[in-house]
Ligand SMILES: Nc1ncnc2c1ncn2[C@@H]1O[C@H](COP(=O)(O)OP(=O)(O)O)[C@@H](O)[C@H]1O
Ligand SMILES: O=P(O)(O)OC[C@H]1O[C@H](OP(=O)(O)OP(=O)(O)O)[C@H](O)[C@@H]1O
């Protein structure tokens, strides 16, 4: 299931909360993304590769979905596709622009949109401290890149505590696993 929303809204934090809460549930898989960012950058648990390595992985069909955004490349490993085939609920931080591709490849896709007002997103990007001003500007420029179709997704408000949004994601995922 794609977890989407603008950079800085809290997708990785909410995902990490849910992953911890659901760690003993064998039918849930939280995907580790491959990103062209140094592994030392911190934040989400990701596989850091160079641009060259990423291109090689694309050529070798190592990703079921991949996309560029704010100067980086992001990939979802093919193992995620195998987990979907095995009937697991597979959860990954995705670009909003990849929802259509995800739906095409995985018909049961239900996007989960994490939301918060602009001022909160901006403040979170700054306090995260991982990006410089230029990188933050690229992320803020994409804030309104996409408007959710109300019927086609689940929305989770992350303007309050992480626990509230995290538990909302846990409840949503448990509901999907029970379908
Ligand atoms: N509910 C919350 N309350 C306070 N801070 C939050 C909350 N959710 C996320 N954050 C903080 O906001 C920043 C951006 O969150 P992150 O999970 O990296 O966002 P994204 O994955 O959407 O880019 C991080 O520093 C994180 O600790
Ligand atoms: O097309 P968009 O919906 O704007 O998304 C662009 C990228 O930003 C999001 O990642 P994330 O927020 O994790 O990026 P960051 O950690 O590099 O800021 C999302 O998962 C994409 O990789």
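Read the figures in this text as sums done on the coordinates, not as results from a lab. Everything numeric here is computed off the predicted structure, so don't read it as measured data.
Tabulated values for the structure
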quantity: Cα gyration tensor shape of segment 2-177, rounded if a/c is under 1.5, else prolate or oblate by comparing a/b with b/c; calculated: rounded
quantity: Debye log10 I(q)/I(0) at q = 0.18, 0.23, 0.28 Å⁻¹ for segment 30-92, Cα point scatterers; calculated: -0.63, -0.96, -1.23
quantity: Within the chain, helix-based [θ] at 222 nm, where runs of 4 or more DSSP H residues each add -39,500 (n - 2.57), nearest 500; calculated: -11500 deg cm²/dmol
